[in-house]
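Below you'll find the structure, written out as structure tokens, and then a few comments.
The values are calculated or read from the model by the stated rules, or taken from the named source; none is laboratory data. All values derive from a computational prediction rather than experimental measurement. Heads up, the Cβs are rebuilt from the backbone with ideal geometry, glycines too, and the neighbour counts pull from every protein chain shown.
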Amino acid sequence: MGLQDMSLPRFPLLKDEETQQLLERSRQGDQEAREKLVNCNYRLVFNIIKRFEGRGHDDEDLFQIGVIGLIKAIDNFDPTFKVKFSTYAVPMIIGEIRRFLRMIIRSRLPGR
């Protein structure tokens with residue numbers, strides 16, 4: 001399935017203040033806040049996986065792996081970094097996707 005065939009649910013974009021409030025609530029264990037952060041950042045993940053399109057991997061798999069990276073970013077974000085959440089999340093999402101792709105390549109190599 002290609003990216004153009006994926007349909008994402010429509011969640012509103014969050015303002016920076018909203019994101020910060022949800023991150024704080026998530027740090028305090030609020031699962032609804034964490035879920036809202038994930039849902040409202042689907043488009044960020046979607047835009048990142050476009051960079052990996054056409055490499056022979058299922059886009060839905062890459063999207064799911066990207067969401068794992070997003071969740072890790074939510075769980076590990078430190079507001080004392082003084083950066084926007086998306087600035088922190090993008091490398092986390094890309095890193096998770098690259099880790100997945102390396103694992104797939106290694107599993108295809110003979111003798112492993």
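Cβ-Cβ distances below 6 Å connect the following pairs, each with a first residue in segment 30-41 that is assigned to a helix (DSSP H, G or I), a second residue that is surrounded by fewer than 16 Cβ atoms within 10 Å (Cβ to Cβ), and a separation of six or more residues or different chains: N39/F11; C40/F11. If the condition is being within 17 Å of E18 (Cβ to Cβ) and at pLDDT below 95, then segment 62-83 contributes P79, V83.
Within segment 63-112, the set of residues being surrounded by fewer than 14 Cβ atoms within 10 Å (Cβ to Cβ), within 15 Å of the chain's Cα centre (by Cα) and of a type in the set (D, E) comprises just one member, D75.
Take K50 and tell me if it is among the basic types (K, R), more than 18 Å from L13 (Cα to Cα) and touching a residue at least 12 places away in the same chain (Cβ under 8 Å). Yes, satisfied.
Got a number for residues in segment 16-60 being closer than 24 Å to L101 by Cα and touching a helix residue (DSSP H, G or I) at 6+ places or on another chain (Cβ under 8 Å)? Summing the residues that are closer than 24 Å to L101 by Cα and touching a helix residue (DSSP H, G or I) at 6+ places or on another chain (Cβ under 8 Å) in segment 16-60 gives 15.
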